[in-house]
Amino acid sequence: QVQLVESGGGLVQAGGSLSLSCAASGNIFSVSTMGWYRQAPGRRRELVAIRSSGGNTNYADSVKGRFTISRDNAKNTVFLQMNSLKPEDTAVYYCYGNVKTRTDLRSTDYWGQGTQVTVSS
């Protein structure tokens, strides 16, 4: 089995910063793409930022220039630095990883349990 465990998040005032981290562990052969999605109440889950193991990144337009995704490939860990936060960034943030397991080398999507980020105005 594979687990993605997030940490970070919390409550911050508008204009402030928060950082998230997520570590993948378990029966892992390799991790290709890792990243972050978010879901606000009454809305669909949406991409925030993803990063391939080779370093290619993709950001939602709404966070470009404010959020930065990074990875430690050796530790199967992904980070999200969030600056200049806005109330509309309030959501549950989910870690995502596309993982090949040692068991069958099949790529499967895994998700963390989610962490709340609340930005007050």
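The values are calculated or read from the model by the stated rules, or taken from the named source; none is laboratory data. This one's a predicted model, so the numbers in the text were calculated from it and none came from an experiment. Every residue, glycine among them, receives a Cβ derived from its backbone with ideal geometry; neighbour counts consider all protein chains shown. These area figures cover heavy atoms from the full protein model, side chains too; ligands, DNA and RNA do not enter into them. Shrake-Rupley method; radii C 1.70, N 1.55, O 1.52, S 1.80 Å.
Annotations for the structure displayed:
- Of the peptides 8-16, 33-41, the order by per-residue mean of other Cβ atoms within 10 Å, starting with the highest, comes out as 33-41, 8-16.
- Near the amide H of GLY114, within less than 5 Å, lie the amide hydrogens of GLU6, CYS95, all on another chain or at least 5 residues away, with H placed in the peptide plane.
- In order along segment 14-29, the Karplus-derived 3J(HN,Hα) couplings, from 6.51 cos²θ - 1.76 cosθ + 1.60 at θ = phi - 60°, round to 4, x, x, 10, 9, 10, 10, 9, 8, 10, 9, 8, x, 7, 9, 8 Hz, and Gly and Pro are given as x.
- For segment 66-76, the Karplus equation 6.51 cos²θ - 1.76 cosθ + 1.60, evaluated at θ = phi - 60°, returns couplings of 10, 10, 9, 9, 9, 9, 10, 4, 5, 9, 6 Hz by residue, with Gly and Pro reported as x.
- Whole-Å distance, taken between Cα centres, linking segment 107-121 and segment 1-58: 6
- P(r) for the chain, from all Cα pairs and a bin width of 10 Å, is 14, 47, 29, 9, 1 %, short bins first.
- Using the average count of surrounding beta-carbon atoms within 10 Å as a protection proxy, the listed peptides 92-102, 56-66 rank, highest first, as 92-102, 56-66.
- Taking amide H as placed 1.01 Å from N in the peptide plane, the amide H of GLY16 sits under 5 Å from that of LEU85, each at least 5 places away or on another chain.
- If the chain linking SER25 and SER53 were pulled fully straight, counting 0.36 nm for each residue of separation and taking away their Cα-Cα distance, it would gain 8.5 nm.
- Split the accessible area of the chain by element, probe 1.4 Å, and carbon with sulfur accounts for 45%.
- Rounded to the nearest Hz, the phi-derived 3J(HN,Hα) couplings of segment 97-107 under the Karplus curve 6.51 cos²θ - 1.76 cosθ + 1.60 (θ = phi - 60°) are x, 9, 10, 9, 8, 5, 5, 9, 6, 8, 7, where x marks glycine and proline.
- For the chain: accessible area per residue (Å², 1.4 Å): 53
- THR77, THR118, reordered so the largest accessible area comes first (probe 1.4 Å): THR118, THR77
- Charged-residue dipole, Cβ positions (Lys, Arg, Asp, Glu), the chain about Cα centre, Debye nearest 20: 140
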